[in-house]
């Protein structure tokens, strides 16, 4: 497997991240929306880059007080199955620990078994359901949460 690096996104990365959004999601963020998140101090956007600097995937999280909310985790189709999403989640969790967050939570499509398995692997538990949360197509969201504060005791 080629080398890769997980680092904070820069405003200049917004168009490339938006292109990954368009590839992976039915209602993608625009480059302007991504740039606004990158520039917002309450958001954390991480990129995973190849050794040549190409963005292969990204993850986003916003946080308020001691709560973290993962917004998206996406890897290009050509780069999947190389543990890049694992690397992104591990880095998000490492930073969450540094920020002293009590928990990190997210929503995932009920039918997205690979993503649910990935999150379970990293200690996320299914804690609820949001009916008809997603559009295009309509689908329930499973709420998955990893509690961090208990692990510190």
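Each value in this text was obtained by applying a stated rule to the coordinates, not by laboratory testing. Given the structure is predicted, the values throughout are model-derived calculations rather than measurements. Cβ coordinates were reconstructed from backbone atoms using ideal geometry, including for glycine residues, and neighbour counts include every protein chain displayed.
Here are the numbers:
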read-out	value
Linear extension gain, residue 127 paired with residue 50, 0.36 nm per residue minus alpha-carbon span	24.3 nm
Rounded if a/c under 1.5, otherwise prolate or oblate - segment 76-133, Cα gyration tensor axes	oblate
Whole-number percent relative contact order across segment 114-153, with pairs defined as alpha carbons under 8 Å at least 6 apart	35
The chain - Rg and Dmax from Cα coordinates, angstrom	14.9, 42
Sequence-separation-based contact order of the chain, relative, with Cα cut under 8 Å and 6+ spacing, percent	18
Inter-label distance, nm, simple model (7 Å from Cα along the C-beta direction), residue 39/residue 12	1.7
Computed [θ] at 222 nm, helices only, for the chain once each DSSP H run of length n ≥ 4 contributes -39500 (n - 2.57)	-9000 deg cm²/dmol
The chain - share of DSSP beta bridges that are antiparallel (%, nearest 5)	90
Net length gained if the chain between residue 23 and residue 78 were fully extended (0.36 nm per residue, minus Cα distance)	18.7 nm
Part-to-part distance (alpha-carbon centres) for segment 11-25 and segment 41-61, which is given in Å	10
